[in-house]
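Some notes on the structure that comes next.
The values are calculated or read from the model by the stated rules, or taken from the named source; none is laboratory data. Just so it is clear, the structure is predicted and the values come from calculations on it, not from any experiment. Heads up, the Cβs are rebuilt from the backbone with ideal geometry, glycines too, and the neighbour counts pull from every protein chain shown.
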Amino acid sequence: GGRPDLPKADARLIEQQCRDLLAGVRSALESGASEHLDGPAWEPVRAVLTAMSRERAQHGYTPKETALVVFSLKGPLFAILRRELPKDGQVLADETWAATELIDDLGLFTIESYVSARQEVILRQQEEMLELSTPVVKLWDGILALPLIGTLDSNRAQVVMESLLQKVVETGSEVAIIDITGVPTVDTLVAQHLLKTVTAARLMGTDCIISGIRPQIAQTIVYLGVDLKDVITKSSLADAFQIALQRLDLAIVKRRQAGQVPGTGRAATSMVMKPVQG
């Protein structure tokens, strides 16, 4: 099962694992252990197969390529049996069958180890993707934004809540905007997840504003009978940001600067944030 794209260091590691596998099988058989892999004599063999399966799962090998390392031992082993055993057909058949069962067991154990390792990789990648898909950004001092894109299921909703609450603790923000512009549909389950997140944030002292309420989503929420009367909702993130600024007694104002905007003849201006005068 050679792979030309495998780094040389990893190729040497797998070659050493194959040597360790053969040494472990030989040691177990010479100790008089049975062919069942559950026994303590086979622990070194199980350890080698587990490590090898994990390495190959992480490097993108298929289950077939991984198990081929074990099943490829059949040819050389049968040749040794034919050469070393007496010319007794029954003895050769019995030993060949025992060797076949042993290698099959080793191969099955390898595949099981590979599947387990691959599942760990998939779960870790899913967790990383969930974290990346729920970024909490700071719009201004005291204002957070959580833009959601894609389907909001139970697992992701939990990550959303944890990410937002963690950021609230870190920044002490008073307002959080949950933008659902990128959420394709809002059903009862999604609405419940949003309400739970809003409630949890409120318990932490942070008010939430839900933005991105499109006409079809508004109709769906009404049709489902979801109660959002205690939650501020806006159609756009810009509108929600404006409300958040008002909550903090802030306003965006234009400030005239010296000079003109090149090529326009208009006076240069900039946008600044100022406290609202009482």
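Listed values, structure above:
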{"item": "Any hit, segment 75-87, residues being surrounded by fewer than 13 Cβ atoms within 10 Å (Cβ to Cβ), in the same structural domain as residue 12 (by TED's automatic domain parsing) and under 19 Å from residue 13 (Cα atoms)", "result": "no"}
{"item": "Conditions (1) within 19 Å of residue 22 (Cα to Cα); (2) over 24 Å from the mean Cα position of the chain (by Cα); (3) not aromatic (Phe, Trp, Tyr): number failed by residue 92", "result": "(1)"}
{"item": "Hits in segment 164-187 (condition: hydrophobic (A, V, I, L, M, F, W, C) and either touching a strand residue (DSSP E or B) at 6+ places or on another chain (Cβ under 9 Å) or buried (at least 16 other Cβ atoms within 10 Å of the Cβ) (or both))", "result": "164, 165, 168, 175, 176, 177, 178, 180, 183, 186"}
{"item": "Residue in segment 226-234 that is at pLDDT 85 or above and surrounded by fewer than 16 Cβ atoms within 10 Å (Cβ to Cβ) present", "result": "yes"}
{"item": "Residue 246 farther than 24 Å from residue 184 by Cα, out of contact with any strand residue (DSSP E or B) (no Cβ under 7 Å at 6 or more places or on another chain) and at pLDDT 80 or above", "result": "yes"}
{"item": "Residue selected from segment 195-212 under the condition aliphatic (A, V, I, L, M), surrounded by 13 or more Cβ atoms within 10 Å (Cβ to Cβ) and out of contact with any helix residue (DSSP H, G or I) (no Cβ under 8 Å at 6 or more places or on another chain), by the criterion modelled with the lowest pLDDT", "result": "195"}
{"item": "Segment 65-78 residues that are touching a residue at least 12 places away in the same chain (Cβ under 8 Å), paired with ones that are of a type in the set (Phe, Trp, Tyr) and in a helix (DSSP H, G or I) (beta carbon under 7 Å, 6 or more apart)", "result": "66/114"}
{"item": "Residue within segment 156-170 that is in the same structural domain as residue 62 (by TED's automatic domain parsing) and more than 21 Å from the chain's Cα centre (by Cα) present", "result": "no"}
{"item": "Listing of helices (runs of 4 or more DSSP H) fully contained in segment 63-137 that carry 1 or more residues being in contact with a Pro (Cβ under 7 Å, 6 or more places away or on another chain) and at negative phi", "result": "89-132"}
{"item": "Total residues in segment 173-185, condition under 18 Å from residue 220 (Cβ atoms) and touching a Leu at 6+ places or on another chain (Cβ under 8 Å)", "result": "6"}
{"item": "Residue list for segment 182-214, restricted to those being part of a helix (DSSP H, G or I) and aliphatic (A, V, I, L, M)", "result": "189, 190, 191, 194, 195, 198, 200, 201, 203"}
{"item": "Residue satisfying all of: in segment 34-52; loosely packed, with under 15 Cβ neighbours inside 10 Å and part of a loop (DSSP other than H, G, I, E, B); modelled with the lowest pLDDT among these", "result": "34"}
{"item": "Residue ID - modelled with the lowest pLDDT, chosen from residues in segment 23-33 that are within 18 Å of residue 73 (Cα to Cα) and surrounded by 14 or more Cβ atoms within 10 Å (Cβ to Cβ)", "result": "29"}
{"item": "Residue within segment 95-104 that is modelled with pLDDT of 85 or more, closer than 30 Å to residue 123 by Cβ and under 29 Å from the mean Cα position of the chain (by Cα) present", "result": "no"}
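A quick yes/no check of all residues on (1) in contact with a Pro (Cβ under 9 Å, 6 or more places away or on another chain); (2) within 30 Å of residue 124 (Cβ to Cβ):
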| position | (1), (2) |
| --- | --- |
| 148 | no, yes |
| 178 | yes, yes |
| 181 | yes, yes |
| 196 | no, yes |
| 214 | no, no |
